[in-house]
1. Is it fair to say residue 172 is loosely packed, with under 13 Cβ neighbours inside 10 Å and touching an Asp or Glu at 6+ places or on another chain (Cβ under 9 Å)?
2. From the list 139, 153, 165, exactly one residue is over 23 Å from residue 61 (Cα atoms), among the acidic types (Asp, Glu) and not in a loop (DSSP other than H, G, I, E, B). Which is it?
3. Take the residues in region 92-136 that are over 24 Å from residue 179 (Cα atoms) and assigned to a helix (DSSP H, G or I); name whichever of them is nearest to the chain's Cα centre (by Cα).
4. In the list 153, 143, which residue meets the criterion of being within 28 Å of residue 41 (Cβ to Cβ) and acidic (Asp, Glu)?
5. Return the only residue of 39, 17 being surrounded by fewer than 19 Cβ atoms within 10 Å (Cβ to Cβ), closer than 19 Å to residue 134 by Cα and hydrophobic (A, V, I, L, M, F, W, C).
6. Examine region 141-151 for a residue that is of a type in the set (Asp, Glu) and out of contact with any helix residue (DSSP H, G or I) (no Cβ under 9 Å at 6 or more places or on another chain), and state whether such a residue exists.
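Every number here is computed from the coordinates shown, using simple stated rules; none is lab data. Everything numeric here is computed off the predicted structure, so don't read it as measured data. Please note: Cβ atoms are built from the backbone with ideal geometry, for glycine as well, and neighbour counts cover all protein chains shown.
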Amino acid sequence: MIAAESLPRMSVPAYLAFERESEIRHELVDGYLYAMTGASDRHEEIAANLLAAIHQHLQGSGCRVYGSNLKIRVGDDFLYPDLFVRCATERGDSYFKTDPKLVIEVLSPNTQRYDRGDKRLAYQSLPSLQEYLLVAQDEPSIELYRRTPNGWESKIHRGLATTIELNSIHLKIGLGRIYA
């Protein structure tokens, strides 16, 4: 993530207006804009496999999966996850959501520290979030963070023959399908 240092800090209304007109996606963190970089083909393949599997699974459930073009608002920050699931009867704002159950990030070499650190902590501050998934793109390895009554627990799942269970959306999915 690279800061657009030539731009001043922005208010939330200014950011939302700017972002609607921008040809480039930006995250807003602590009032500063960060341009979103492009992704590799492997990153997009993995994200597409997850989007397709989750979309198919959620049909008729009242939940929806969203891709990387819709933001999540955390306080006055706005973040673009690779995927997230939301289960709500009202649509809310058309350009961002505030109540994801599941957030998924496909790790890139340039973003993995941020995805594992500050971004994870921001998402985990949302009361609605039940699970946070970090998906490696260079090997079949997924780190699943799950909210429990005692806080957050994490578990790493490795290997194409492994299946993970996403309790937040009642889905069991094999890593072989994700990494196909």
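1. Values: loosely packed, with under 13 Cβ neighbours inside 10 Å: yes; touching an Asp or Glu at 6+ places or on another chain (Cβ under 9 Å): yes.
Yes; evaluated as a whole, the condition is true for this residue.
2. Numbers: 139 fails: not in a loop (DSSP other than H, G, I, E, B); 165 fails: over 23 Å from residue 61 (Cα atoms).
Going through 139, 153, 165 in turn, the sole match is 153.
3. Selected residue: 123.
4. 143
5. Working: 17 fails: closer than 19 Å to residue 134 by Cα.
Exactly one residue qualifies, and that residue is 39.
6. Within region 141-151, the first condition is being of a type in the set (Asp, Glu), and the residues that meet it are 143.
With out of contact with any helix residue (DSSP H, G or I) (no Cβ under 9 Å at 6 or more places or on another chain) added as a condition, the list becomes none.
No, there is no match, as no residue in region 141-151 is of a type in the set (Asp, Glu) and out of contact with any helix residue (DSSP H, G or I) (no Cβ under 9 Å at 6 or more places or on another chain).
Okay, residues lined up against (1) surrounded by 13 or more Cβ atoms within 10 Å (Cβ to Cβ); (2) more than 29 Å from residue 171 (Cα to Cα); (3) not acidic (Asp, Glu):
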{"site": "24", "(1), (2), (3)": "no, yes, yes"}
{"site": "34", "(1), (2), (3)": "yes, yes, yes"}
{"site": "53", "(1), (2), (3)": "yes, no, yes"}
{"site": "76", "(1), (2), (3)": "yes, yes, no"}
{"site": "93", "(1), (2), (3)": "no, no, no"}
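Residues checked against (1) assigned to a strand (DSSP E or B); (2) more than 30 Å from residue 169 (Cα to Cα):
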| site | (1), (2) |
| --- | --- |
| 13 | no, yes |
| 20 | no, yes |
| 27 | yes, no |
| 44 | no, no |
| 61 | no, no |
| 90 | no, no |
